Every structure is written in C-alpha cells, then in structure tokens.
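Here is the structure we will look at, set down as structure tokens.
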Amino acid sequence: MSTVTAESSREHRVTVPSLRTRKRRGERIAMLTAYDFSFASLFDQAGIDVLLVGDSLGNVVQGHATTLPVTLDEMIYHTRLVARGARRALVVADLPFGSYQITSEDGLRSAVRCVKEGGAHAVKLEGGRAVADTIARIVAAEIPVMGHVGLTPQAIHRMGGHRVQGRGESGRASVLADARAVEAAGAFAVVLEGMPAELAAEITRSLAIPTIGIGAGVDCDGQVLVMHDLLGLSDGAPGFAKQYANLGALIVQAARRFADEVAHGKFPDAEHSYR
Ligand code: KIV
C-alpha cells in the first residue's frame, strides 16, 4: 500500500487546469514574484506554485516610486529569465501600464509577446469591468489571463495612493462586480489586493476560479507576496507582508566582511588562489 503525501500528490507541472482543480479540492496556492533566473529556480525548488513576473519590478528592481514607467520590453526580458528557472511552477507575466489600456488589440499583442518572446504561460492584467473585453480577447487567442482587482497599483493616481479598496457599500459592490466581470470574461484566476478580509472571503466563495490574496485576509484560495518583502530585501514593506527571512541584513554583513578582508589583504588567501 502506498501512502500519498501532500508532496507526492503535487502536480509534476502546475497548469491552468490544475489550479482550478486545487480550488475544487480546497488546496491552497502559493505564488511569489520573481524577476530573474536564480530566484525563480530557488522558488521553484521550494515548491512555489506560481511565479509572477510582477510589474512591481518597477519598484523593487528598478527603484521607481510606482510601477507606471515599466515597459513591455522590460517585462518580456525579466519573464524570459524567470521562465528559464521554472521547471514546475506556472509562469505569469504582468502586462505593464500602457500595454493594454488603449485598445483590446494592444492587450492581445502585448500578451502574445509575453508568451512568444518571454516564455510566459499566462498573463496578468489589472482592472475589472473596464478591462473585461480585453481579457475576453486575450483568452480567445488561447492565452490564459489572471485578473487583478481591488487595490490595483497601476491606478495609483486615481486611488490617491496605495489605499485599501472595497470599503463602504458602494466600494464593496464595485469590487465584487469587478471580480465577477473578470471571471465572466474568462480569467482562470484573480488576484484580490488590498481589501477587507471579509469581502475577499465573499468573493472567494462566489467565484469558481481561484482567488489569490495579497493584503486580503486568509480566506482566499491562495496567497502572493512580493519576494523582496518575503526575504527582507525591501525598505518599508507594507503592513500585510510577512517577512520570512532577513536577507538584506545578511547581504550587508557579507559585503562588509568582503570589503574588510580586501582592505586587509586577507582575501584571497591560499585556499582561494591558483598555484
Ligand atoms: O506586480 C506585482 O508584484 C503584483 C503582485 C503584488 C500581485 O501585481
């Protein structure tokens, strides 16, 4: 008799259909952002289900104040690096600001480039009812789409900052309508960002597709964090983000020791020199 453990019952490769099966079985989904080959390989080894090449790279990799300056070419470049490191995980590329808002054709063209040039398995885009036609257009071209509603960082100027969405009766109804529109348009999953936990729970119950929460409480079908927040590589991580390691401090310590040993002629020693 063989024992099926959580580990051995895991998918050989995470796919769009397997994520839907996960929701039906009540198995949660772990998603992290990744922007390069090394971290993608490590997260893949760790069993992370979905690697999101987030346009948050505008903040954490490029040092911008918002995600708005990120270009489609930059997203494709980083997606290519991540796709090379992902053996099991599903790779999702964010469509950056300006690459899908003007026309649905733009959205489709951008999504095709992320798949064809970047090696993405799916794309993510922000918005609800306003982008439903674009989602449907991309899905009709056989590219799976992940939606993203609630606090949508590309709408930072409309929201007046990174503010929790869906509070009050009309805010709540609006986010719920957006989530439903995203599902009706054919998205395979939806990110719920920055909203009351109880609203995210209601959306999760009312949709057949998996919800992935960030600052949206524990009742979503999965959770996502920005890798720099998880690993302690960012200053000023948001309050909802849990830091699981403090790599920032370790990196500073290691670099200081290196500089010190160079200054004192201790590196390289005989062990690290050729004869
Ligand atoms: O760009 C990003 O990293 C994201 C996640 C925070 C969901 O959209």
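The values are calculated or read from the model by the stated rules, or taken from the named source; none is laboratory data. Everything quoted here is computed from the prediction, not taken from an experiment. All Cβ positions, glycine included, derive from the backbone under ideal geometry; neighbour counts span all protein chains shown. These area figures cover heavy atoms from the full protein model, side chains too; ligands, DNA and RNA do not enter into them. Shrake-Rupley method; radii C 1.70, N 1.55, O 1.52, S 1.80 Å.
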Of the residues in segment 219-248 that are within 14 Å of the ligand (Cβ to nearest atom), of a type in the set (Gly, Ala, Ser) and modelled with pLDDT of 95 or more, the one that is farthest from Gly26 (Cα to Cα) is Ala241
Checklist entry - Quick check, is Ala216 modelled with pLDDT of 95 or more, on the phi < 0 side of the Ramachandran plot, open to solvent by less than 30 Å² (accessible area, probe 1.4 Å) and within 15 Å of the ligand (Cβ to nearest atom)? => result yes
Only unsatisfied item for Leu125, checking (1) touching a His at 6+ places or on another chain (Cβ under 9 Å); (2) hydrophobic (A, V, I, L, M, F, W, C); (3) open to solvent by 10 Å² or more (accessible area, probe 1.4 Å); (4) closer than 23 Å to Asp106 by Cβ, is (3)
Of all helices (runs of 4 or more DSSP H) fully inside segment 175-275, the set with 2 or more residues that are among the charged types (D, E, K, R) is 197-206, 247-263
Exercise. Examine segment 8-30 for a residue that is at pLDDT below 95 and charged (D, E, K, R), and state whether such a residue exists.
Key: yes
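Considering only segment 190-205, I want to know if a residue exists there that is basic (Lys, Arg), under 30 Å from Arg20 (Cβ atoms) and in contact with a Leu (Cβ under 8 Å, 6 or more places away or on another chain). Before you say what the answer is, go through the steps one by one.
Taking segment 190-205 first, the residues basic (Lys, Arg) are 205.
The next check asks that each one be under 30 Å from Arg20 (Cβ atoms); those that pass are 205.
So of that shortlist, the ones also in contact with a Leu (Cβ under 8 Å, 6 or more places away or on another chain) come out as none.
So far as segment 190-205 goes, no, none of its residues is basic (Lys, Arg), under 30 Å from Arg20 (Cβ atoms) and in contact with a Leu (Cβ under 8 Å, 6 or more places away or on another chain).
If only one of Glu169, Glu193, Glu183 is of a type in the set (D, E, K, R), out of contact with any Gly (no Cβ under 8 Å at 6 or more places or on another chain) and open to solvent by 10 Å² or more (accessible area, probe 1.4 Å), which one is it? Talk me through it step by step, then tell me what you get.
On the way: Glu193 fails: out of contact with any Gly (no Cβ under 8 Å at 6 or more places or on another chain); Glu183 fails: out of contact with any Gly (no Cβ under 8 Å at 6 or more places or on another chain).
Selected residue: Glu169, the only one of Glu169, Glu193, Glu183 that is of a type in the set (D, E, K, R), out of contact with any Gly (no Cβ under 8 Å at 6 or more places or on another chain) and open to solvent by 10 Å² or more (accessible area, probe 1.4 Å).
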Scanning segment 43-60 for residues that are open to solvent by 40 Å² or more (accessible area, probe 1.4 Å) and out of contact with any helix residue (DSSP H, G or I) (no Cβ under 8 Å at 6 or more places or on another chain), the one farthest from the ligand (Cβ to nearest atom) turns out to be Gln45
Of the residues in segment 167-195, those that are touching a helix residue (DSSP H, G or I) at 6+ places or on another chain (Cβ under 7 Å) and farther than 24 Å from Val123 by Cβ come to Arg172
Among the residues of segment 137-153, is any open to solvent by less than 30 Å² (accessible area, probe 1.4 Å), in contact with a His (Cβ under 8 Å, 6 or more places away or on another chain) and of a type outside the set (Phe, Trp, Tyr)? yes
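Tell me yes or no: at least one residue of segment 74-81 is open to solvent by less than 10 Å² (accessible area, probe 1.4 Å), within 14 Å of the ligand (Cβ to nearest atom) and closer than 16 Å to Met146 by Cβ. So that I can check it myself, show each step before the final result.
Just the residues of segment 74-81 that are open to solvent by less than 10 Å² (accessible area, probe 1.4 Å), to begin with: 75-76, 79.
Going one step further and asking which of them are within 14 Å of the ligand (Cβ to nearest atom), we end up with 75, 79.
Okay, now just the ones that are also closer than 16 Å to Met146 by Cβ, so 75, 79.
Within segment 74-81, one or more residues are open to solvent by less than 10 Å² (accessible area, probe 1.4 Å), within 14 Å of the ligand (Cβ to nearest atom) and closer than 16 Å to Met146 by Cβ.
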